[in-house]
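The values are calculated or read from the model by the stated rules, or taken from the named source; none is laboratory data. Because the structure is a prediction, the values reported are computed rather than measured. Cβ atoms come from the backbone with ideal geometry, glycine included; neighbour counts cover every protein chain shown.
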Amino acid sequence: MEGHPLALHDVMFIPALVAQASDEQNKKWLRRAQRREIVGCYAQTELGHGSNLRKLETTATYDVSTQEFVLHTPQITSLKWWPGGLGKSSNYAVVVANMIVKEKHLGPHSFLVQLRDEITHQSLKGITVGDIGPKLSFNAIDNGFLGFDNYRIPRTNLLMRHSRVEPDGTYVKPPHAKINYSAMVRVRSHMATGQGNFLAQALTIAVRYSTVRRQGFIESGEQEVKVLDYQTQQHRLFPSIAKAYAFTFAGYETIRLYEQLLKEVDTGNVSLMADLHALTSGLKSVVTHQTAQGIEQARMACGGHGYSQASYISEIFGVAVGGCTYEGENMVMLLQLARYLVKSVEQIKAGESGKLGPLVAYLAVKVDGVDLEKGVEEYMKAFQHVSRLQTWKASEKFLKLLKSGEKREVAWNKSSVELTRASRLHTRLYIAETFKRSVQEVADPRLKEVLTDLLHLHVNYELLDMATYALEDGFLSSSQLDYVRDQLYFYLAKIRPNAVSLVDSWEFSDMQLRSVLGRRDGNVYENLVAWAKASPLNKTDVLPSVEKYLKPMMNSKL
Ligand SMILES: CCCCCCCCCCC/C=C/C(=O)SCCNC(=O)CCNC(=O)[C@H](O)C(C)(C)COP(=O)(O)OP(=O)(O)OC[C@H]1O[C@@H](n2cnc3c(N)ncnc32)[C@H](O)[C@@H]1OP(=O)(O)O
Ligand SMILES: Cc1cc2nc3c(=O)[nH]c(=O)nc-3n(C[C@H](O)[C@H](O)[C@H](O)COP(=O)(O)OP(=O)(O)OC[C@H]3O[C@@H](n4cnc5c(N)ncnc54)[C@H](O)[C@@H]3O)c2cc1C
């Protein structure tokens, strides 16, 4: 859970080579990387810049006389800072640097760079490398720093699948300006399933424990109840169970799209890039935020024992919440999706709705009202309505500011909170729709029934959560919201008998969960006592600190 020093080798180094190195380059590097003869990482973020890639300070200047690139970090803020596996484990890195050829700044490009000797593992001359120190979590990973002092690499170490520098310094442009960002888009497209998995682990622990823990009464005189029977406990946990499934389904779709994109890009077709970038930017942001919230609620749902490391939920939280920051800070990525939404509104205003992609076509279609009692399709229309409403409002705000003479960037900044709200609503619509489509495709009727219950729970929970938007323009009435509330409580109760099976179906082993509270056999109390007894503080009855500090204090007459 706390990560693996070689994780980034598989998650970003190899994928960056696959997507960005030419076939010829990969003949040399890829097999060696796959066999782990060389170990690599993805070194992009710097001490001074992570979000704004265009301002990366590490330079790669082409020296035509030697046909080499000279890598340099001109000042302290140019040091690479954060890359996982960089500090101690990797001997190579894909380094993202601003490329300068014939004094022309050509923007961020990726280079394969050797950092350490392949035999001794010592850092090479011209390289300064090390670990950045302890973090909130992920402490088994050596996130590192890296500096270059006019460090030379061959021209052919520029990853040249999509763009090239010829020996004489001629630059051949890529088919899309952002094609070098593909390693990030890949991880973002995998994050919904990854985060769904973190959420599922925390929920498995909390739901199992909630059937062991008995406390208080619903009706007096009986045995104390399992805390999972409280409606508040169900409300805390079950919507997140639905989300863990929903995120996984959405993630499967974005992974498929990324794989399709890779194939299309290889044939020179880059038309999917903008759509996938917008989609994964929003999805990554919404899913990481909601996952962190869901895990934290799972911890609190375990009461005092949730706060103990024996629950293991705090560790899961620490790892999962990193996703709000890495692969693009969430606000920054929501604003990337917002650019796409605003452009779509502009297209509609220009009478070009026909050109809209399938995920934003709804922005052009007005719906007057819904009959929620007819079922899930009507909820989808309601989600479309609130997303459309907010997207238009935020876009109009921005466009009005522009028209009033504000500079584009200033108008954008003044509209940005509203724009991020639009991005979230659009993404939540996408998650609900993929959830609905995935459940429709399930063949096994019994499985379909229980997943349909979760889907109903999800859409009612979500609609209630965005009720302000739906009430704002009178799209939903308060009696419709009462119906949504009733449905929500109905599905909480309906899901209760299946709750344990739903989390067990994820099939996490006790070894994976490492949680005393979430044990499959339910023997929580005996094992909590054994766990506590094993604490290092309990190795001796009397600690040395008694002689050293306590006794002098207690014997003091002052
Ligand atoms: C596989 C298993 C996964 C499990 C994971 C577990 C392990 C986790 C380990 C953690 C690893 C972490 C690694 C990292 O964090 S690596 C570093 C990540 N860094 C970032 O994500 C940086 C974020 N910033 C950016 O991506 C860019 O700077 C940003 C996109 C925000 C802006 O880029 P830029 O300034 O160049 O672009 P503009 O804003 O000016 O936009 C110009 C247009 O380009 C479009 N655009 C931008 N990016 C893309 C893209 N990738 N694809 C397509 N199009 C793109 C943008 O939308 C603009 O278009 P319009 O002008 O039409 O609006
Ligand atoms: C666990 C972990 C692993 C990582 N692994 C890697 C790795 O392997 N390789 C790698 O290269 N990097 C890695 N990173 C770095 C990571 O990608 C960056 O930290 C991340 O992209 C955020 O960038 P930043 O740190 O510059 O944040 P900043 O941009 O400094 O964010 C600070 C605040 O400014 C706001 N902000 C910034 N720009 C804007 C804007 N344009 N509009 C509105 N608000 C804005 C943000 O929303 C945020 O609130 C890792 C980070 C973590 C935490």
- Can you pull out the residues in the stretch 272-324 that are hydrophobic (A, V, I, L, M, F, W, C), under 11 Å from the mean Cα position of the chain (by Cα) and under 13 Å from residue 192 (Cβ atoms)? 283, 286, 287, 320
- the stretch 435-455, residues that are of a type in the set (A, V, I, L, M, F, W, C) and under 15 Å from residue 377 (Cβ atoms): 435, 439, 455
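For (1) of a type in the set (D, E, K, R); (2) in a loop (DSSP other than H, G, I, E, B), each residue gets a yes or a no:
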{"position": "3", "(1), (2)": "no, yes"}
{"position": "13", "(1), (2)": "no, no"}
{"position": "27", "(1), (2)": "yes, no"}
{"position": "32", "(1), (2)": "yes, no"}
{"position": "36", "(1), (2)": "yes, yes"}
{"position": "41", "(1), (2)": "no, no"}
{"position": "60", "(1), (2)": "no, no"}
{"position": "65", "(1), (2)": "no, yes"}
- Message: It is to be established whether one or more residues within the stretch 465-481 are surrounded by fewer than 18 Cβ atoms within 10 Å (Cβ to Cβ), hydroxyl-bearing (Ser, Thr, Tyr) and closer than 30 Å to residue 2 by Cα.
- Response: no
- Check every one of the helices (runs of 4 or more DSSP H) wholly within the stretch 411-510 and list those with 1 or more residues that are basic (Lys, Arg). 445-465, 478-495
- Query: If a residue has to be surrounded by 15 or more Cβ atoms within 10 Å (Cβ to Cβ) and in contact (Cβ under 8 Å) with a residue 12 or more places away in the chain to count, how many in the stretch 403-451 make the cut?
  - Reply: 27
- Item | Candidates 171, 181, filtered to the one that is more than 13 Å from ligand 1 (Cβ to nearest atom) and under 21 Å from residue 54 (Cβ atoms) | 171
- Candidates 107, 48, 126, filtered to the one that is within 14 Å of ligand 1 (Cβ to nearest atom), surrounded by fewer than 21 Cβ atoms within 10 Å (Cβ to Cβ), in the same structural domain as residue 18 (by TED's automatic domain parsing) and over 19 Å from residue 326 (Cβ atoms): 107
- Task: Would you mind stating whether residue 234 is away from ligand 1 (no atom under 16 Å from the Cβ) and either surrounded by fewer than 23 Cβ atoms within 10 Å (Cβ to Cβ) or assigned to a helix (DSSP H, G or I) (or both)?
- Result: yes
- Residue, surrounded by the fewest Cβ atoms within 10 Å (Cβ to Cβ), within the stretch 312-337, restricted to residues that are among the polar types (S, T, N, Q) and in contact (Cβ under 8 Å) with a residue 40 or more places away in the chain: 336
- Item | Qualifying residues in the stretch 73-85 (those that are farther than 23 Å from residue 36 by Cβ and out of contact with any Ser or Thr (no Cβ under 9 Å at 6 or more places or on another chain)) - the one nearest to ligand 2 (Cβ to nearest atom) | 77
- Message: For the stretch 70-89: of the residues being assigned to a loop (DSSP other than H, G, I, E, B), in contact (Cβ under 8 Å) with a residue 60 or more places away in the chain and of a type in the set (S, T, N, Q), which is nearest to residue 125 (Cα to Cα)?
- Response: 73
- Query: Which residues, taken from the stretch 344-399, are in a helix (DSSP H, G or I) and among the basic types (Lys, Arg)?
  - Reply: 349, 355, 374, 381, 388, 393, 397
- Exactly one of (1) surrounded by fewer than 22 Cβ atoms within 10 Å (Cβ to Cβ); (2) within 27 Å of the chain's Cα centre (by Cα); (3) more than 11 Å from ligand 2 (Cβ to nearest atom); (4) over 17 Å from residue 147 (Cβ atoms) is unmet by residue 88. Its number? (4)
- Residues located in the stretch 461-487, provided they are free of Cβ contacts under 8 Å to residues at least 40 places away in the same chain and under 22 Å from residue 286 (Cα atoms): 464, 465, 467, 468
- Go through (1) more than 16 Å from ligand 2 (Cβ to nearest atom); (2) crowded, with 22+ Cβ neighbours inside 10 Å; (3) not in a helix (DSSP H, G or I) and name the single condition residue 294 misses. (3)
- Query: If we scan the stretch 218-230, do we find a residue that is over 30 Å from residue 28 (Cβ atoms), of a type in the set (A, V, I, L, M, F, W, C) and surrounded by fewer than 17 Cβ atoms within 10 Å (Cβ to Cβ)?
  - Reply: yes
- Message: Restricting to the stretch 390-416, name every residue that is touching a helix residue (DSSP H, G or I) at 6+ places or on another chain (Cβ under 6 Å) and of a type in the set (A, V, I, L, M).
- Response: 394, 401, 402, 411
- Message: Quick check on my filter: what residues within the stretch 1-17 are more than 11 Å from residue 39 (Cα to Cα) and modelled with pLDDT under 95?
- Response: 1, 2, 3, 4
- Message: Anything in the stretch 302-343 that is more than 26 Å from residue 191 (Cα to Cα) and part of a loop (DSSP other than H, G, I, E, B)? List them, or say none.
- Response: 302, 308
- Task: Only residues that are surrounded by fewer than 18 Cβ atoms within 10 Å (Cβ to Cβ) and within 11 Å of ligand 1 (Cβ to nearest atom): list them for the stretch 2-45, please.
- Result: 4, 7, 10
- Message: Here's a check for you: in the stretch 305-343, which residue that is under 15 Å from residue 514 (Cβ atoms) and β-branched (Val, Ile, Thr) is nearest to ligand 2 (Cβ to nearest atom)?
- Response: 319
- Query: Residues 96, 11, 101, 64: which one is within 10 Å of ligand 2 (Cβ to nearest atom), out of contact with any His (no Cβ under 6 Å at 6 or more places or on another chain) and closer than 20 Å to residue 173 by Cβ?
  - Reply: 96
